[in-house]
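Beneath this line is the structure, given in structure tokens, with notes to follow.
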Amino acid sequence: MEWREKAAQCFQNLIEEAGANHCAVQAREQGTWIDAGWDVPGGWMVAKCVLEGLSGGRGQVSYTQRQMADGMQIPALELFLDDPVGTARAFQRDEQGIYGVRGEEGYVLGVTDRPLAEEKGWKGNVVSAGPNSLFTGIMEAADLMAQCVQALEREGVSEILWGWSSCPLAAMTQDVEETRCRRLEMAKRHTAISLWVRGEGSAIRRAIEGMDMEEFFVHELVTACTYGKR
Amino acid sequence: MCYSLNERACRIIEENILPHLDALGVQVHVLKNGATVLDMGVFAKGGWMAAKYFTQSNLGGLGELTYGTMQVGSHRLPTANIFVDRAAVAELAAHDAFLYIEYQGVKRSVSGPLRSVTGTDHFAQAVSYRDPAPRKIVAHIQIDELPDEGMTELIAGAVGRHPRDLYLLAARTGTLTGAAQVCARNVEQSLPSLLDQGFPIDAIVQACGSAPIPAVVDDEQLAYGRVNDGLIYGQETNLYVDCADEEITRLETILPFNKNGDVYGIPFETLFARCDYLWRNVPREWDAPCRVNFFNLRTGHSFSYGALHHGVLEQAFLGSNGGK
């Protein structure tokens with residue numbers, strides 16, 4: 001219940017701050033959607049607020065600058081989560097490609113990169129932004145930890161206690177495919193994710209080997225071992 | 001002084017912790033003597049936010065703990081970052097764990113704003129600030145069992161108060177709360193060392209610091225070792241001071257941890273084992289900051305002493321199996 005309350009509070013904040021956040025609010029018969037990157041640019045604050053809602057306020061969502069090999073400082077999303085499993089649940093997409101915190105009557109705080117202006121099947125409160133928007137880039141960066149959690153759960157590791165991630169944000173272009181490739185490169189080579197778990201070593205190893213990320217580490221609390229890519 | 005460290009700590013507890021126990025992974029126990037014990041990570045799960053409020057209440061609300069990351073060798077590690085005003089008061093009269101109690105044959109150190117009620121120890125007495133009559137007193141302890149009636153009576157009694165007036169926050173080292181709050185003791189570690197070396201504490205205007213959190217493990221003794229590596233090999237403190245340059249320059253070889261040439265580079269786990277895993281056997285000289293940067297507002301000069309050791313930090317991060 002507290003998680004949904006936090007998500008609802010976040011969506012209410014987004015409505016109130018839409019102008020300042022460079023977003024636009026659209027009321028529809030099936031709910032309210034916030035344009036965070038279609039006809040308006042959206043940006044940092046709407047993404048931060050959404051992530052705080054998706055994580056139930058259980059942790060820190062922050063931006064930082066990271067220096068890359070070419071010397072350039074670029075922005076990065078950093079997450080420090082007290083409930084990475086709960087947050088991962090919020091990143092599971094439904095059949096329409098929407099994910100988020102669900103309520104009895106639709107989404108309390110939903111997110112999608114589909115153009116809701118043209119779609120009818122959604123219900124509730126949803127934030128939507130285009131695939132090559134800053135907002136979607138930040139959501140995809142956050143989703144990387146959720147994917148790592150899901151990889152561990154598939155291998156039977158269920159006691160996942162805390163996690164953190166640091167993901168540089170690739171520059172966007174109008175070429176959606178180019179933007180997608182840049183983000184994949186960031187995920188594979190420059191994103192650092194660590195999760196603290198209790199679980200069986202071979203299962204942890206299988207989860208790590210199944211992820212195409214060079215700096216994904218799992219720290220097993222009982223054995224004090226750390227697992228990474230071989 | 002028109003502010004109460006204990007009242008500010010109480011506000012953090014009553015507004016940020018008690019209404020959000022489930023989200024924070026914290027449990028509350030009201031003992032028979034009326035003392036309130038907050039399990040921030042002894043048997044409760046705790047986490048990043050529990051550590052944040054543990055630390056911020058420990059500072060008497062005079063500073064902030066945020067998280068970030070830093071590059072250590074070829075790996076990225078999370079960091080605990082502290083920003084503190086009135087650093088001498090916040091650290092020496094509250095955050096530093098120099099109130100000692102002996103309970104059931106075990107000597108334990110206690111920190112928190114309650115130390116400023118009477119100036120419980122040599123370090124709290126080094127600043128003139130006192131918080132003589134707060135509504136409630138707040139203390140913090142690093143411990144692997146829940147404090148009971150006897151322990152809370154001793155702690156409250158150390159400042160002449162009844163246990164019903166006490167909030168006691170507890171966490172063991174082998175949790176994320178414990179690891180993060182220890183690594184957040186970056187500025188905290190520097191100030192007693194400065195006092196030991198005769199530096200004029202009142203010359204410190206503001207301070208901030210950072211330390212990596214290299215490991216969290218269940219085993220309490222291993223945790224002590226790995227987490228303290230974050231401090232002695234990874235913490236970097238910035239001090240804005242107003243004094244003569246000579247007060248700073250004479251500290252070059254006597255302040256930082258690498259002055260201990262015979263042990264520098266050895267993981268704390270090994271050093272702690274040499275001390276039979278007893279804090280009372282750890283030489284005072286080992287509790288020294290890794291790196292301190294002084295920025296002298298009076299002269300415009302800056303000085304840096306000490307060095308980080310990425311090798312030991314990576315070793316702690318990569319665990320018992322070297323990350324393989």
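The values are calculated or read from the model by the stated rules, or taken from the named source; none is laboratory data. Predicted model, so just to flag it, every value in this text is computed and none were measured. Reconstructed Cβ throughout: ideal geometry from the backbone, glycine too, with neighbour counts over all protein chains shown. These area figures cover heavy atoms from the full protein model, side chains too; ligands, DNA and RNA do not enter into them. Shrake-Rupley method; radii C 1.70, N 1.55, O 1.52, S 1.80 Å.
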- Item | Residues of segment B:63-100 satisfying the condition of being away from every other protein chain (no Cβ under 11 Å), within 20 Å of B:ASP287 (Cα to Cα) and part of a strand (DSSP E or B) | B:ILE82, B:LEU99, B:TYR100
- Item | In segment B:270-286, the residues that are open to solvent by 70 Å² or more (accessible area, probe 1.4 Å), over 24 Å from B:ASP202 (Cβ atoms) and touching a residue at least 24 places away in the same chain (Cβ under 8 Å) | B:TYR277, B:TRP279, B:ARG280, B:GLU285
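Output the number of residues of segment B:107-118 satisfying the condition of being over 13 Å from B:HIS95 (Cα atoms) and surrounded by fewer than 20 Cβ atoms within 10 Å (Cβ to Cβ). Step through it out loud before you land on a result.
Taking segment B:107-118 as the starting set, the residues that turn out to be over 13 Å from B:HIS95 (Cα atoms) are B:107-108, B:117-118.
Next, only the ones that are surrounded by fewer than 20 Cβ atoms within 10 Å (Cβ to Cβ) stay: B:107-108, B:118.
So the count comes out to 3.
Applying the selection to segment B:276-309, what residues are in a loop (DSSP other than H, G, I, E, B) and more than 22 Å from B:GLY234 (Cβ to Cβ)?
Kept after step one, since they are in a loop (DSSP other than H, G, I, E, B), are these residues of segment B:276-309: B:276-278, B:282-283, B:287-290, B:297-301, B:307-309.
Correct list: B:ASP276, B:LEU278, B:LEU297, B:ARG298, B:THR299, B:GLY300, B:HIS301.
Here are some residues: A:SER194, A:SER158, A:SER202. Which one is under 22 Å from B:LEU77 (Cβ atoms) and of a type outside the set (A, V, I, L, M, F, W, C)? Write out each step before concluding.
Working: A:SER158 fails: under 22 Å from B:LEU77 (Cβ atoms); A:SER202 fails: under 22 Å from B:LEU77 (Cβ atoms).
Just a single option satisfies the conditions, and that option is A:SER194.
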- Note on the structure: When (1) assigned to a strand (DSSP E or B); (2) more than 27 Å from B:GLY25 (Cα to Cα) are applied to A:GLY42, the one that fails is (1)
- Note on the structure: Of the residues in segment B:54-96, those that are closer than 17 Å to B:HIS309 by Cα, of a type in the set (Val, Ile, Thr) and open to solvent by 20 Å² or more (accessible area, probe 1.4 Å) come to B:THR69
- Message: So, in segment B:119-143, exactly how many residues are out of contact with any Pro (no Cβ under 7 Å at 6 or more places or on another chain), of a type outside the set (S, T, N, Q) and in a loop (DSSP other than H, G, I, E, B)?
- Response: 12
- Query: Residue check, B:GLN221 against (1) within 18 Å of B:ALA171 (Cα to Cα); (2) open to solvent by less than 10 Å² (accessible area, probe 1.4 Å); (3) not basic (Lys, Arg), all met but one. Which one?
  - Reply: (2)
- Checked pairs for segment B:298-324, first within 14 Å of another protein chain (Cβ to nearest Cβ) and within 18 Å of B:THR270 (Cβ to Cβ), second of a type outside the set (A, V, I, L, M) and open to solvent by 60 Å² or more (accessible area, probe 1.4 Å), C-beta under 7 Å and 6 or more apart or across chains, list as B:SER320/A:THR223
- Message: Every residue in segment A:161-182 that is small (Gly, Ala, Ser) and open to solvent by less than 20 Å² (accessible area, probe 1.4 Å), please.
- Response: A:GLY163, A:SER165, A:SER166, A:ALA170
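Is one or more of the residues making up segment A:183-198 over 21 Å from A:LEU77 (Cα atoms) and either at pLDDT below 95 or loosely packed, with under 14 Cβ neighbours inside 10 Å (or both)?
Initial filter on segment A:183-198 (over 21 Å from A:LEU77 (Cα atoms)): A:197-198.
If we keep only those that are either at pLDDT below 95 or loosely packed, with under 14 Cβ neighbours inside 10 Å (or both) too, we end up with none.
No, the conditions are met nowhere in segment A:183-198.
I need the full set of residues from segment B:144-166 which are among the hydrophobic types (A, V, I, L, M, F, W, C), outside any helix (DSSP H, G or I) and closer than 16 Å to B:GLU102 by Cβ, in order please. Walk me through it before giving the result.
Taking segment B:144-166 as the starting set, the residues that turn out to be among the hydrophobic types (A, V, I, L, M, F, W, C) are B:146, B:151, B:154-156, B:158-159, B:166.
When the remaining residues are screened for being outside any helix (DSSP H, G or I), the result is B:146, B:158-159, B:166.
Result: B:ALA158, single match.
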- Give me the pairs: first residue in segment A:212-227 and at the interface with chain B (Cβ under 7 Å from one of its Cβ atoms) and open to solvent by less than 10 Å² (accessible area, probe 1.4 Å), second residue among the basic types (Lys, Arg) and in a loop (DSSP other than H, G, I, E, B), beta-carbon distance under 9 Å, and six or more apart or on different chains, which are they? A:THR226/B:LYS324
- Message: Would you confirm, using the coordinates I've provided, whether A:ASP113 is closer than 26 Å to A:THR179 by Cα, open to solvent by 20 Å² or more (accessible area, probe 1.4 Å) and either among the β-branched types (Val, Ile, Thr) or out of contact with any Asp or Glu (no Cβ under 8 Å at 6 or more places or on another chain) (or both)?
- Response: yes
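Restricting to segment A:1-28, and then to whatever is in a loop (DSSP other than H, G, I, E, B) and not acidic (Asp, Glu), can you tell me which residue is nearest to the other protein chains (Cβ to nearest Cβ)? If you could, list the steps in order and put the result at the bottom.
Initial filter on segment A:1-28 (in a loop (DSSP other than H, G, I, E, B)): A:1, A:17-23.
Then drop every residue that is not not acidic (Asp, Glu), which leaves A:1, A:18-23.
Details: A:MET1: 9, A:ALA18: 27, A:GLY19: 28, A:ALA20: 23, A:ASN21: 22, A:HIS22: 25, A:CYS23: 26 Å.
Residue satisfying both the conditions and the ranking: A:MET1.
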- Message: As an exercise: evaluate B:VAL227 against (1) touching a residue at least 40 places away in the same chain (Cβ under 8 Å); (2) open to solvent by 40 Å² or more (accessible area, probe 1.4 Å); (3) assigned to a helix (DSSP H, G or I) and give the number of the one condition it does not meet.
- Response: (2)
- Message: For segment B:166-216, give me the residue count where each residue is over 20 Å from B:ASP287 (Cα atoms) and either free of Cβ contacts under 8 Å to residues at least 40 places away in the same chain or in contact with a Gly (Cβ under 6 Å, 6 or more places away or on another chain) (or both).
- Response: 4
- Restricting attention to segment B:25-47, does a residue exist that is among the charged types (D, E, K, R), in contact with an Asp or Glu (Cβ under 9 Å, 6 or more places away or on another chain) and either open to solvent by less than 20 Å² (accessible area, probe 1.4 Å) or under 28 Å from A:GLN67 (Cα atoms) (or both)? no
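Just wondering, is there one or more residues in segment A:72-85 that are small (Gly, Ala, Ser), closer than 30 Å to B:LEU77 by Cβ, open to solvent by 20 Å² or more (accessible area, probe 1.4 Å) and within 13 Å of another protein chain (Cβ to nearest Cβ)? Walk me through how you get there before you give the answer.
Pass one, segment A:72-85, residues small (Gly, Ala, Ser): A:76.
Still in the running and closer than 30 Å to B:LEU77 by Cβ: A:76.
Applying the additional criterion that residues be open to solvent by 20 Å² or more (accessible area, probe 1.4 Å) yields none.
No, the conditions are met nowhere in segment A:72-85.
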- Item | Selection status of B:GLY178, buried (at least 24 other Cβ atoms within 10 Å of the Cβ), within 13 Å of another protein chain (Cβ to nearest Cβ) and more than 20 Å from B:LEU92 (Cβ to Cβ) | yes
- Task: Name the strands (runs of 3 or more DSSP E) wholly inside segment A:81-178 in which the number of residues that are small (Gly, Ala, Ser) is 3 or more.
- Result: A:159-168
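Is at least one residue of segment A:88-99 open to solvent by less than 40 Å² (accessible area, probe 1.4 Å) and within 21 Å of A:ALA203 (Cβ to Cβ)?
Our first condition is that a residue be open to solvent by less than 40 Å² (accessible area, probe 1.4 Å); within segment A:88-99, this holds for A:88, A:90-91, A:94, A:97-99.
Of the ones still in play, those that are also within 21 Å of A:ALA203 (Cβ to Cβ) are A:88.
Within segment A:88-99 (the criterion being open to solvent by less than 40 Å² (accessible area, probe 1.4 Å) and within 21 Å of A:ALA203 (Cβ to Cβ)), the answer is yes, since at least one residue qualifies.
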- Note on the structure: Checked against (1) on the phi > 0 side of the Ramachandran plot; (2) in contact (Cβ under 8 Å) with a residue 60 or more places away in the chain, A:MET145 satisfies every condition except (1)
